[in-house]
Amino acid sequence: MPLPIETPAVLVDIEIAKRNIRTFQDYADINGIRVRPHIKTHKLPQMAELQLDAGAIGITCQKVTEAEAMVDGSARINDVLITYNILGTPKLDRLERLNGRIALAVVADNETVINGLSRHFSTKGKPLRVFVECNTGADRCGVASPVEAARLARLINDAKGIEFAGLMTYPPIAGEAKVQAFMSEAKRLIEADGLTVPAITSGGTPSMMHSAGAPIASEYRPGTYIYNDRSLVSRGVATWDDCALTVLATVVSVPSEHRAIIDAGSKVLTADLLGLTGYGHVLGRDDIRIDQLSEEHGRLVTDGPIGLTVGQQLRIVPNHACVVTNMVDAVHIVEGDEPKAIWPIVARGHVL
């Protein structure tokens, strides 16, 4: 029986999401790890509230506008870490207003960012907390050595308008030993300089169930775990039954025995591959490959008869759930095959 939902649409099975939240929170509680989920995956105050209900201490955002939308959307969201270097007066003005409303922290990995934060907040009543971002092997942002981390910690501590909040990293997958080694040495150097390290925060869903392997980290920031996706299933981190987010699509053409076309293309499934072949997994049909996308069409192919009919609905687990969320104005909340609600994605799409 088709769902009474116009396609393409993004569905979230709320019971699966709750189960995923509970699974990691239980692990974190047993291991004494504070949980600060990254909301980039869902961008929904309602989901953040479920995470807080389970025991999360606050949330993580990647943009000032994300944080604003989440705080505006729930009076319960009052502790936010923005894991990004914030530059420019317009963003700093928004950051200042947000800092006046909640417990807020940001990160920095260079003097330019630190000096800009200090200049802006030096005349404000409430200082801004700043973490030093550290590169523990993922090679994105972050200082390259514990020595540099300690130097920036001292710079933040001595600057006006800001306070040293601790150390932050986004580690490589299975990088617990690297996190432990880097952060232990950085903490030792910082404390030898007479400073305290209030918190050390790490993150990443693929390694979250091994996060206790880096006990130096007091806090963990998983994101995709709430929904899971094909990339995590391919890593053995989740199963298809753990995937809360799916794309509902309709077969619009079956032009040959081995090919069908759906109404979900790159504007909903996205072009993210994450090292995979194809653009998603059709639940219940392991033999089908989504081998091509155009903007509004997805091509499904099989080696044998495809066995689909025009008008048939399919549910697809995307390669990367986070970017799919950002492609739509709202998600349909379901329990199994029963629609329950429509939740607007309040923290999506802001380019400010």
Next item on the list: Grab the strands (runs of 3 or more DSSP E) fully contained in region 5-119, keeping just those with 1 or more residues being among the acidic types (Asp, Glu).
Entry: 9-13, 79-85
Check: Does region 129-146 contain any residue that is assigned to a helix (DSSP H, G or I) and touching a residue at least 40 places away in the same chain (Cβ under 8 Å)?
Finding: yes
Check: Condition test on Ala249, is it at pLDDT 95 or above, of a type outside the set (Val, Ile, Thr) and crowded, with 21+ Cβ neighbours inside 10 Å?
Finding: yes
Check: Does Arg230 qualify as being farther than 21 Å from Asp109 by Cα and among the basic types (Lys, Arg)?
Finding: yes
Next item on the list: Only residues that are over 9 Å from Pro146 (Cα atoms), in contact with a strand residue (DSSP E or B) (Cβ under 9 Å, 6 or more places away or on another chain) and surrounded by fewer than 23 Cβ atoms within 10 Å (Cβ to Cβ): list them for region 179-196, please.
Entry: Leu195, Thr196
Next item on the list: For residues that are part of a strand (DSSP E or B) and touching a Pro at 6+ places or on another chain (Cβ under 9 Å), scanning just region 317-342, find the one that is surrounded by the most Cβ atoms within 10 Å (Cβ to Cβ).
Entry: Val331
Next item on the list: Return the pairs, sorted by first residue and then second, in which the second residue is surrounded by fewer than 18 Cβ atoms within 10 Å (Cβ to Cβ) and among the small types (Gly, Ala, Ser), the first residue lies in region 327-350 and is touching a residue at least 24 places away in the same chain (Cβ under 8 Å) and closer than 19 Å to His38 by Cα, the beta carbons are less than 8 Å apart, and the residues are 6+ apart or on different chains.
Entry: Trp343/Ala330; Ile345/Ala330
Next item on the list: Among residues belonging to region 118-147 that are modelled with pLDDT of 95 or more and of a type in the set (Ser, Thr, Tyr), point out the one that is surrounded by the fewest Cβ atoms within 10 Å (Cβ to Cβ).
Entry: Ser122
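The values are calculated or read from the model by the stated rules, or taken from the named source; none is laboratory data. Please read all numbers here as calculations on a predicted model, not as lab measurements. Glycine also receives a Cβ, built like all others from the backbone with ideal geometry; neighbour counts cover every protein chain displayed.
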